[in-house]
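Novice: Encoded as structure tokens, here's the structure I'll be asking about.
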Amino acid sequence: MPSSSRPFIAEAAPFLKWAGGKSRLLSQYQPFLPPGDAIRRYYEPFIGSAALYFHLQPAAARLSDCNWKLVETYRVVRDQPEALIAALQPHKNEKSYYYEVRAQNPRQLSPVERAARLIYMNKTCYNGLYRENQKGEFNVPFGRYKRPKICDRERLYAASEALQGVDLCHEDFAEAIADAGRGDFVYFDPPYVPLNATSSFTGYSRYGFDDGDHRRLAQAVHELTARGCQVMLSNSSAPLVYNLYQGHDYHIEQVQARRNINSKTHRRGPVTELLIMNYRP
């Protein structure tokens, strides 16, 4: 792990688009975050775009996800940025080419090639959405952007520097926080509980994330609280979320987010989300 004297990297920011990414919500989150020097170790078991990690840049961190391709991409960004940038150079924003790349079997590619493929498709697919079918295959259509920045050299180098010394693990959230203890800060940003039948989206991986997983996650929050960890969790304002966390002496705040992934423009717009904390900000 890097020492607490690691310099702050102001330009470090997410290099991926991600459904539910928190970049636009950081100003609303800031009043509820513990001071950086009070965090012994930072855990983020649903890595996504890692917006909160890049914002905090704690001295010690463990970032993880159940999506092995995503975790591998972060490892390549951390360890091989030059090779990754070189692998991104040939990719182009053309529909036929996009579907050729999407049809590739990622297991036949090298880690650097897989990471470049994931970043390329993330920058050129519809709405920057990541979705897998039941076979674990990426299945989002072409996005028709005019001039997407497929290879953002500066951002990749900044992210690589910010990820130095960070543990990047492919694992279930329960495994990820198994050794968390007093003084640690855990941020959970799981696939949200759907507000209604038409808003359901849990396809980040073929395994999905259902009500049973959300109940399992709530139990993990209770256990972390008993261990003396500080926990923040973001989720929708669905009734199930209130049922899982009300009555446990948690602090619940509402924040206003914008829904951007609906295929129908008139259904995009402000939506209330919840921040749930086991501490008083």
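The values are calculated or read from the model by the stated rules, or taken from the named source; none is laboratory data. Since the model is a prediction, treat every value here as computed from it, not as a measurement. Backbone-built Cβ (ideal geometry, glycine too); neighbour counts: all protein chains shown.
Novice: Answer yes or no as to whether Phe209 is assigned by TED's automatic domain parsing to the domain that holds Ser49 and at pLDDT below 95. Full working, then the answer.
Specialist: Working: assigned by TED's automatic domain parsing to the domain that holds Ser49: yes; at pLDDT below 95: yes.
Yes, satisfied.
Novice: If we keep just the residues of the range 218-256 that are of a type in the set (Asp, Glu) and over 23 Å from Arg40 (Cα atoms), which is surrounded by the most Cβ atoms within 10 Å (Cβ to Cβ)? Full working, then the answer.
Specialist: Our first condition is that a residue be of a type in the set (Asp, Glu); within the range 218-256, this holds for 223, 249, 253.
Add one more test, that the residue is over 23 Å from Arg40 (Cα atoms), and what stays is 249, 253.
Working: Asp249: 9, Glu253: 15.
The residue in question is Glu253.
Novice: While we're here: So, in the range 129-142, how many residues would count as being in a strand (DSSP E or B) and modelled with pLDDT of 95 or more?
Specialist: Residues flagged as in a strand (DSSP E or B) and modelled with pLDDT of 95 or more within the range 129-142 amount to 1.
Novice: Quick one: what pairs do we get from the range 44-62, first residue farther than 12 Å from Lys22 by Cβ, second aromatic (Phe, Trp, Tyr) and in a loop (DSSP other than H, G, I, E, B), C-beta under 7 Å, 6+ apart or different chains?
Specialist: Every condition considered, the pairs that remain are Gln57/Phe8.
Novice: While we're here: For the range 34-45, enumerate the residues that are surrounded by fewer than 23 Cβ atoms within 10 Å (Cβ to Cβ) and either of a type in the set (Gly, Ala, Ser) or under 14 Å from Leu233 (Cα atoms) (or both).
Specialist: Scanning the range 34-45 gives Pro34, Gly36, Ala38.
Novice: So Leu84 ticks every box in (1) crowded, with 20+ Cβ neighbours inside 10 Å; (2) closer than 17 Å to Tyr187 by Cβ; (3) not acidic (Asp, Glu) but one. Which box is left unticked?
Specialist: Here Leu84 meets the rest and fails (2).
Novice: Answer yes if at least one residue in the range 264-272 is under 18 Å from Phe188 (Cα atoms) and either modelled with pLDDT under 95 or out of contact with any Asp or Glu (no Cβ under 6 Å at 6 or more places or on another chain) (or both), and no otherwise.
Specialist: Yes.
Novice: For the range 103-157, give me each residue that is loosely packed, with under 14 Cβ neighbours inside 10 Å, more than 19 Å from Ala12 (Cα to Cα) and acidic (Asp, Glu).
Specialist: Glu137
Novice: Can you tell me which of Leu63, Leu88, Leu56 is among the aliphatic types (A, V, I, L, M) and over 30 Å from Gly183 (Cα atoms)?
Specialist: Leu88
Novice: Only helices (runs of 4 or more DSSP H) wholly contained in the range 45-128 count here; list those with 3 or more residues that are modelled with pLDDT of 95 or more and aromatic (Phe, Trp, Tyr).
Specialist: In the range 45-128, the matching helices (runs of 4 or more DSSP H) lie at 95-102.
This table checks each residue for (1) within 18 Å of Pro106 (Cβ to Cβ); (2) not assigned by TED's automatic domain parsing to the domain that holds Gly36.
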site: Tyr126; (1), (2): no, yes
site: Tyr130; (1), (2): yes, yes
site: Gly136; (1), (2): yes, yes
site: Asn139; (1), (2): yes, yes
site: Arg144; (1), (2): no, yes
site: Arg147; (1), (2): no, yes
site: Gly165; (1), (2): no, no
site: Cys169; (1), (2): no, no
site: Tyr192; (1), (2): no, no
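Novice: Restricting attention to the range 13-56, report how many residues are on the phi > 0 side of the Ramachandran plot and out of contact with any Leu (no Cβ under 7 Å at 6 or more places or on another chain).
Specialist: So the answer is 2.
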